[in-house]
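The values are calculated or read from the model by the stated rules, or taken from the named source; none is laboratory data. Source: prediction; values computed, not measured. A quick note on method: Cβ atoms are made from the backbone with ideal geometry, for glycine too, and the neighbour counts reach across all protein chains shown. When the accessible area is computed, the model is the full protein with side chains, heavy atoms only, and any ligands, DNA or RNA have been set aside. Shrake-Rupley method; radii C 1.70, N 1.55, O 1.52, S 1.80 Å.
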Amino acid sequence: MKALLKILEKQKPKFEKGGKLQRFFPLYEATETILFWTNDRTKQGPHVRDGLDLKRFMMMVVVALLPAILFGIYNIGFQHYKAIGQPASGSEMFVFGLIRFMPIVLVSYAVGGFWEVLFSIIRKHEVNEGFLVTGILFPLTLPPTMPLWQVAVSISFGVVIGKEVFGGTGMNILNPALTARAFAFFAYPGKISGDKVWTAIDLAKDKLVDGYSGATPLLAASGTESGKLATDAMAAGGFDWMNSFIGLIPGSIGETSTIAILLGALILIMTGVGSWKIIFSTFAGGYVMASVFNLLAGPESTGMFTLPAYYHLVLGGFAFGAVFMATDPVSAAQSERGKWIYGFLIGVLAILIRTVNPAYPEGMMLSILFMNVFSPLIDYFVVQGNIKRRLSRAH
Amino acid sequence: MLNTFRMGGIHPPQEKHSAQIPLSYAKVPEKLLIPVNQHIGQPCEILVNKRDEVSRGMLLAKATGFISSNVHAPLDGVVEKIMKFPQLSGKIDQCILLKPKQTGQDYARIIAGDLTAANDPENIPAGEIRQRIAESGIVGMGGAGFPTHVKLTPPQEKRIDALIINGAECEPFITSDHRVMLEKSEEIIKGIRLLQRIFGQIPVYIGIEQNKPDASAKMRSAAQPFKNIFISDLQVKYPQGGEKQLIKAILKREVPSKGLPMDVGVIVQNVATVLAIHDAIYFGRPLMERVVTISGNIVEAPGNIVVPVGTAVSYLMDSFGIDPGRVKMVLNGGPMMGKTIFSLESPVTKTTSAILFFDEKAYVSRHENACIRCGNCIESCPMGLPVAQYAESIRSNQINKDDFSGILDCIECGSCAFSCPADRRLAHWLRLGKSMVKREMN
C-alpha cells in the first residue's frame, strides 16, 4: 500500500493545476480516494462524523447485491442445463453462468464509466462512487443473453440522459439504472420482454428438451384465461410459490431469487443504507393492491386477478425493485412520511400495471420510474402538511 | 423504559475518558486574562483601571442593563492592562489582564479560604435570592451564557409549574457536569431548594443520561428527603442536553416553534449553574471559577480541573503535560458543537465546559460530495427540519423570511452534518441561513 501511495504522490503534480494532465484531475482524485483516506482535518464543527460516508454507502449496496449476483450466476447455468436436458454439476453451472454474466457487467462498467469520467472531466467534478452501484444494478435486471451492444447503448442512455444531463450525481430525477432498463425495454422489446425474457433457448435451439417453453412464471400467470386460476396456470408451467421464492426459475439475472434479495435487504437495513420504510411499504402496497384484485376477481376478469397477493411479491422484479431500486436515495422521497407514501404507491402501481395491463406483466420498472418523478411532489406536500399541523398546534 | 425525546437524534461515540477522574484544582497561574463579556446580552462597563489593586470577589465589570452580567476578580492582584484579545469563541473582545498575588498557590486552598457560611441562608426571601444571583454574575454554565437572573424572572403571565435541572451532558468527551453531580450532590440539591423558594414548591426534575449511573445514584440519595425533587433517568442520545429536547424527554411537552421553555411553564438550569447559585447564597461568593474537562486523543491523563476564570489554555496544557508540538487541533467544548480555537493564550470563561486536544489522527475532513438525497439529515434532526431542502435553498440564495422562518428553530446541534454520508457541511449552511433570515427580519 505504501509503495502505491508513493507512486500516486509522485504523479500528483502532473494532475494538479498547471500540470500536463490537469484536465484529468478527476480521474486522479477518484483513484486516490478509492484507495486512501484524505489527510485533511475538520475545520468546523461538528467534528465527529458518522462512519458511514458516501464511499461505504455505495460499497454497502454492492455488498448487499452479492447474494443476488451469486445466485443469478448459478441460475443462468442451472436454466441452461435444464433447457438442454443435460445433467451438470453445481460448479459447471456456476462457471457457465459466469461466462455469460461477466461480459455484460464489464461492458456496463466500461461504457458507463467512460461517460461518467468524460462528464466529470468536462464539468471539473470528481468522479462519484455512485456509479459503482448503477453499473452493477443494470446488468442484474437484464436477461443473460442480452447482446452486448444493446447493453452498451442502454447504459449510455441511462447514465447520460438519466443522470448527467440533469447535473450528475444527486441531481437526477430518475434512477439511472432503471432508466437504462426502460430504454432497453422499449428499444429492444424482442430481447427483454414477453417469453423471450429467458433466451437460454437461443443458445441451444437444436438441443432443447421437449416441452421447454422458457416462459417466466410471471408470464405464465398473466397468460391465464378468464375464469381460471392463475396459480393453476403457473403450476402447468411447473412453477409454484416455493420455487419462485427460492428463484431457480427463468428470469432476469438478479431478479429471480426473492430469498437472495431479502438477504441483501437485511444487509441494507442493518447498515442503515437502505430505508426500511421504503422496502416495507413497497411490499405492503403490493400486498394490499393484490388483495383488492383478488376480491374483485370474477368470471369475466382476466386470470391475473386471481393471483394471490403473496405470489405477486415473489414474482418478476417486484422484490428486486423494492429492495434495490426503490431505495435509491437520490430518486426516492426524502421526508419520513414521504418515504412511506412513496413506497406504498410503488407497490400499488406495480400490481395495478401487472394485473390490468395484460400486454405488459412487469409493472415494477414503470411504477418506480413513475414514483421517481413524483417523489419531489410528495416531499413538498409532506413539508407543507407539517407546517400546517405545527401552525394549528401553535394557536 | 427510560425517557428520551422522540424526534431525530444521533449516537456519536461517547469517549468519556475522564468520567472516573475526580476534580482536581489548578495552581494559580502567573496571569489571568479575564474577558469582560462572558454572557449573552448587553456589554459590561469596566470599573477598574490600569495598575488598580483588586481583591478576590471584587467587581471588575458591571452589568449595564437587565440582560447583562457582572464579572468579578477571581484572585487578589494588580490590573496590568486592559486590552482586546481573541476569546475562545473566536470573537475579539475586551479583557482585563490581572497579575495575581497568590501565584503558585493551590487554588483549592484559596476556595477553602472563602467558605465562611453566610448568616441564615435558609431564610433569605425569594426576591433577595434573585437579586443576589444577579449580583454574583451567574450565567448559564451549560454553554450559552444567558444571565441566570433573567431566566429566573419570567414575565407575570407565564406560570412556571416545573423546573428541570440539566445533567444530561450528551456531548462526547465532556464530563465536568458528571463530576460536579458526583462530588457536589448535596450542594446542588441545596441550590435546587433555593430555586424552589423562588417559584413556590413546584416539582423539580433532574435529567441524567443513563451513562452516568453513579451520578444518578448519588443525586437520588441526596434528593431522598425531598418529595418534590425527582431524578429522571434518560436514554443516551445526542442532543438530549438541548433545552427543548430535555423538556420533551422528561415532561413530554413540546416548546412551540420560536418559543421559549417558559411558554410551556418550564425553566431549565444546568447543574453547574445550580451549584454556582448555591455558592452565591450560602457563601456569598460570586461566580469566579468553573470545572473544565481536559481530554482528547493526545491527552494521556485526562481530567476535570477547577480553574479560576481567565486561565489561559496554554497554562492548562502545561499542567496536563500536553506536548504543544503534537497538538494539531484544540476544541472549545465537545466535538459536536465545540469550535476550534484561535489562540492558545485565550482564557477560560464561565461557559467553558471542556478544552479538547487532538493530533492529526483525529477527525479526518472528508471531501464534500453531492447530496444523494438519502434523507439522513432529516431523520436525525431533533427539531424535525427538512435540512437538505433548506440547505439547497440557502446554497442557491433562494431563501426569504416568509417561507423559511422555520430555520430559526435550528439548535445548531450538528446532527445533520454528523449523519450525512456525503459529508456536506449542513450545520454551516443552516447557520448561514439562520443569519440570512434574521437579517431580513430586521
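The peptide list B:272-280, B:153-161, put in order of mean Cβ contacts within 10 Å with the highest first, becomes B:272-280, B:153-161.
On a per residue basis, the stretch A:83-194 carries 38 Å² of accessible surface, using protein heavy atoms and a 1.4 Å probe.
In straight-distance terms, cross-link reach from A:K82 covers every one of the lysines whose alpha-carbon lies under 26 Å from its own, apart from those fewer than eight places away in the same chain; here that gives A:K191, A:K196, A:K205, A:K207. Select from the stretch B:1-39 those trypsin sites (Lys or Arg not before Pro) which occupy a DSSP coil region and have at most 12 other Cβ atoms within 10 Å, ordered by residue number. Here the sparse-neighbourhood loop sites are B:R6.
May I ask you to give the average projected area over all directions of the convex hull of the Cα atoms of the stretch B:125-192, in nm² rounded to one decimal?
Result: a mean projected hull area of 5.7 nm².
Annotation for B:K84 and A:L118: the two label points, set 7 Å from Cα along the Cα-Cβ direction, are 5.7 nm apart. Ligands, DNA and RNA left out, the 1.4 Å accessible surface of the protein assembly as shown is 60% carbon and sulfur atoms. Heavy-atom accessible area with a 1.4 Å probe sorts B:V236, A:V165, largest first, into A:V165, B:V236.
With a Förster radius of 30 Å, plug the Cβ-Cβ distance of A:K17 and B:S343 into 1/(1 + (r/R0)^6) and report the FRET value to the nearest 0.05.
0.40
Straight-line cross-link reach from B:K151 at under 24 Å between alpha-carbon atoms covers these lysines, not counting any fewer than eight positions away in the same chain: B:K62, B:K184, B:K190, B:K244, B:K248, B:K252, B:K258, B:K350, B:K434, B:K438.
Using only Cα atoms, locate the centre of the stretch B:357-381 and the centre of the stretch A:125-158, then give the distance between them in Å, rounded to an integer. Using only Cα atoms to place each centre, the spacing works out to 29 Å.
Normalising by the residue count of the stretch B:298-442, find the relative contact order in percent from Cα pairs under 8 Å and 6+ residues apart.
21 percent
The distance separating the Cα centre of the stretch B:340-354 from that of the stretch A:83-113 comes to 63 Å. The alpha carbon convex hull volume per residue for the stretch B:121-283 rounds to 108 Å³.
Based on C-alpha pairs under 8 angstrom that are at least 6 apart in sequence, chain A has a relative contact order of 16 percent.
Counting only residues at least eight positions apart within a chain, or on another chain, the aspartates and glutamates with an alpha carbon under 18 Å from that of A:K10 are A:E29, A:E32. Residues in the stretch B:349-426 average 31 Å² of solvent-accessible surface per residue, probe 1.4 Å, ligands and nucleic acids excluded. With r as the distance between the Cβ atoms of A:S392 and B:D263 and R0 = 22 Å, compute the FRET efficiency 1/(1 + (r/R0)^6) and round to 0.05. The value I calculate is 0.85. Just the number, please: percent antiparallel of the DSSP beta bridges in the protein assembly as shown, rounded to the nearest 5. Bridges in the protein assembly as shown are about 60 percent antiparallel. By the rule of a second cysteine Cβ within less than 4.7 angstrom, chain B holds isolated cysteines at B:C44, B:C95, B:C170, B:C371, B:C374, B:C381, B:C410, B:C413, B:C420.
For the stretch B:1-42, backbone nitrogen atoms closer than 20 Å to the point 7 Å from B:F230 Cα along Cα-to-C-beta are found at B:1-7.
DSSP assigns beta bridges within the stretch B:164-318; of those with both partners inside it, close to 30 percent run antiparallel.
What does the charge add up to near A:Q22, with Lys and Arg as +1, Asp and Glu as -1, over the other residues with Cβ less than 12 Å from its Cβ? For residues surrounding A:Q22, the net value is +4.
Other residues whose C-beta falls under 13 angstrom from the C-beta of B:I198 contribute a net charge of +4, scoring Lys and Arg +1 and Asp and Glu -1.
Straightening the chain between B:L408 and B:K361 buys 13.4 nm, computed as 0.36 nm per residue apart minus the Cα-Cα spacing.
Over the stretch A:231-394, accessible surface divided per residue gives 39 Å², non-protein components excluded, 1.4 Å probe. Per-residue extension of 0.36 nm, minus the Cα-Cα distance of B:Q201 and B:K328, leaves a gain of 40.7 nm for this segment. With a 10 Å cut-off around each Cβ of B:331-342, the average count of Cβ atoms from other chains is 3. Under 17 Å from a label point set 7 Å out along the Cα-to-Cβ vector of A:V373, the amide N atoms of the stretch A:325-346 belong to A:331-333, A:342, A:345-346. Ordered from highest to lowest accessible area with the whole protein assembly present and a 1.4 Å probe, A:L248, A:L268 read as A:L248, A:L268. So for the protein assembly as shown, taking the charge dipole from beta-carbon charges (+1 Lys/Arg, -1 Asp/Glu), which of B:T351, A:H80, A:G343 sits furthest toward the positive end? Looking along the dipole axis, the top candidate is B:T351. Helices in chain B that qualify as membrane-span-like (whole DSSP H runs, Cα extent of at least 18 Å along the helix axis, mean Kyte-Doolittle hydropathy of 0.0 or higher) are B:185-199.
With contributions of -39500 (n - 2.57) from each DSSP H run of at least four residues, the per-residue ellipticity at 222 nm computed over chain A stands at -20000 deg cm²/dmol.
Legend: residues B:I188, B:I231, sorted from most to least accessible area (1.4 Å probe; ligands, DNA and RNA excluded), read B:I231, B:I188.
Using the Cβ atoms and a cut-off under 12 Å, what net charge is assigned to the surroundings of B:C413, where Lys and Arg are +1 and Asp and Glu are -1?
Numbers: positive: B:K237, B:K244, B:R431; negative: B:E171, B:E243, B:D409, B:E412.
Net charge in that neighbourhood comes out at -1.
Mean-square fluctuation check for chain B, GNM, Cα pairs under 10 Å: which of B:L194, B:L115, B:L246 is largest? Sorting by GNM fluctuation, first place goes to B:L115. Only protein heavy atoms count here, probed at 1.4 Å, and on that basis chains B and A bury about 3700 Å² of accessible area in total.
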